[in-house]
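Visitor: Below you will find the structure I want to go over with you.
Please treat every number below as a calculation from the coordinates, not as lab data. Predicted, not measured: the structure shown is a model, and the values here were computed from it. FYI the Cβ positions are ideal-geometry reconstructions off the backbone, even for glycines, and counts take in every protein chain you see.
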Amino acid sequence: MNKEKYIKSGFDFKAVFEPDDYLYFYGDSLTEKRTKTEIKFLVKELQFDKSMKILDLACGHGRHANPLAKLGYNVTGVDITRGFLKIAKKEAKEKGISVTYIQKDMRKISFVEEFNRVLLLFTSFGYFEDEENFKVLKNIADALKPEGLFCFDTANRDVFLKHFLPYIVTEKGDDLMIDRNTFDSVTGCLSNRRIIIRNGKRKDKPFLVRVYNPTEIRDLLMKAGFNIYRMYGDWQANPLTSDSKRMIIIAKKEVKKDE
């Protein structure tokens with residue numbers, strides 16, 4: 001699906017991931033403490049070492065890539081949004097951190113067995129039709145070296161539906177982010193006709209996201225050439241349960257029999 005068609009179907013990528021508004025409303029939740037907890041989890045559970053090459057896909061403004069590089073890891077960050085990459089590069093330069101940042105659509109990356117670890121964090125999976133979501137997983141499998149690990153986090157559909165809210169209003173001062181949600185049980189797709197009212201001006205930022213349950217994720221990963229390595233319910237490494245709102249999945253790239 002091309003960008004124009006996807007906007008018509010309810011996803012305006014440029015509007016949804018416009019850095020200024022995005023960080024204005026999400027920034028307060030993306031605390032330094034939260035980031036440190038996630039980094040600690042990644043380093044331990046993915047068994048990082050300094051010889052590895054790490055790909056942070058949909059890296060955004062470098063929230064994980066820059067701290068990992070500061071710890072001495074070899075990190076490449078890829079994101080489609082130029083504005084996010086500009087922020088990430090600026091911070092890296094100011095802190096004397098070396099990160100390779102690339103502007104690219106995750107559906108179009110073409111790395112071949114270049115990385116030991118791949119990250120896809122903060123619900124960055126599921127923004128396309130099923131065929132293209134699978135293409136993203138295949139691209140990640142291609143980018144990984146044999147037995148490399150892939151980690152991503154997303155909502156757990158089983159629990160998401162238990163707590164589904166058709167309307168969510170986020171207030172920041174006099175500014176509002178209004179989420180108007182509908183869910184299609186057949187496609188598994190959440191449609192959010194988001195409105196932002198900031199400085200008295202309205203902006204429409206609609207988006208779609210495919211919400212998966214653990215069984216669907218397992219089957220997709222296996223089809224893409226992965227085995228489930230571990231599944232957690234939070235960043236404290238607690239097991240995934242029927243009450244877990246999030247899924248943190250670590251998958252290992254299968255080794256082909258002739259390798």
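Visitor: Report the local net charge at Ser29: Lys and Arg +1, Asp and Glu -1, summed over other residues whose C-beta lies under 13 Å from its C-beta.
Guide: Charge balance near Ser29 sits at +1.
Visitor: Now for a different question. Residues with beta-carbon under 14 Å from that of Asp184, excluding Asp184: net charge, scoring Lys, Arg +1 and Asp, Glu -1?
Guide: +1
Visitor: For Val169 and Thr31, what does the FRET efficiency come to when R0 = 22 Å and r is the distance between their Cβ atoms, rounded to the nearest 0.05?
Guide: After rounding, the FRET efficiency stands at 0.55.
Visitor: Using the structure shown, select from Lys44/Lys172; Lys70/Lys203; Lys135/Lys203; Lys86/Lys162; Lys70/Lys104 the pairs with a Cα to Cα distance greater than 29 angstrom.
Guide: Working: Lys44/Lys172 35 Å; Lys70/Lys203 36 Å; Lys135/Lys203 31 Å; Lys86/Lys162 38 Å; Lys70/Lys104 23 Å.
Beyond 29 Å between Cα atoms: Lys44/Lys172; Lys70/Lys203; Lys135/Lys203; Lys86/Lys162.
Visitor: Counting other C-beta atoms within 10 Å, and keeping those with at most 14, which DSSP coil trypsin sites (Lys or Arg not before Pro) do you find in segment 150-226?
Guide: Arg193
Visitor: May I pose another question? Which one, Tyr167, Gly188, Ile178, is farthest towards the positive end of the dipole of segment 161-207 when Lys and Arg carry +1 and Asp and Glu -1 on their Cβ?
Guide: Positive-most Cα among the choices belongs to Ile178.
Visitor: Need the full-extension length gain, Thr182 to Lys203, defined as separation in residues times 0.36 nm minus the C-alpha distance. One decimal, nm.
Guide: Details: separation 21, 0.36 × 21 = 7.56 nm, distance 1.92 nm.
Taking Thr182 through Lys203 to full extension adds about 5.6 nm, to one decimal.
Visitor: Tell me the mean residue ellipticity at 222 nm calculated for the chain from its helices only (DSSP H runs of n ≥ 4, each -39500 (n - 2.57), averaged over every residue, nearest 500).
Guide: Counting only the DSSP helices, I get -9000 deg cm²/dmol.
Visitor: By the scheme Lys and Arg +1, Asp and Glu -1, what is the net charge of all other residues having a beta-carbon under 12 Å from that of Lys86?
Guide: +1
Visitor: Something else about it: Mind listing which chymotrypsin sites (Phe, Trp or Tyr not before Pro) in segment 158-227 are in a DSSP loop and have 16 or fewer other Cβ atoms within 10 Å?
Guide: On the way: sites: Phe160, Phe164, Tyr167, Phe183, Phe207, Tyr212, Phe226; in loops: Phe164, Tyr212.
Hits after loop and neighbour filter: Phe164.
Visitor: Students often forget the sequence filter, so: which aspartates and glutamates lie under 16 Å Cα-Cα from Lys90 once same-chain residues fewer than 8 apart are removed?
Guide: Asp20, Asp79
Visitor: Apply the a/c threshold of 1.5 to the C-alpha gyration tensor of segment 161-207 and tell me whether it is rounded, prolate or oblate.
Guide: On the way: a/c = 5.17, a/b = 2.04, b/c = 2.53.
Oblate, since a/c reaches 1.5 and b/c is not below a/b.
Visitor: Okay, next question. Out of these labelled values of mean projected area of the Cα convex hull in nm², (i) 23.9; (ii) 14.2; (iii) 18.9, which was calculated from the coordinates shown here?
Guide: (ii)
Visitor: If you don't mind, there's one more thing I want to ask. Return the whole-Å distance between the Cα centroid of segment 26-43 and the Cα centroid of segment 166-198.
Guide: Their Cα centres are 24 Å away from one another.
Visitor: Here is the link list: Lys223/Lys257; Lys14/Lys223; Lys33/Lys201. Which ones come out longer than 21 Å on Cα distance?
Guide: Lys14/Lys223; Lys33/Lys201
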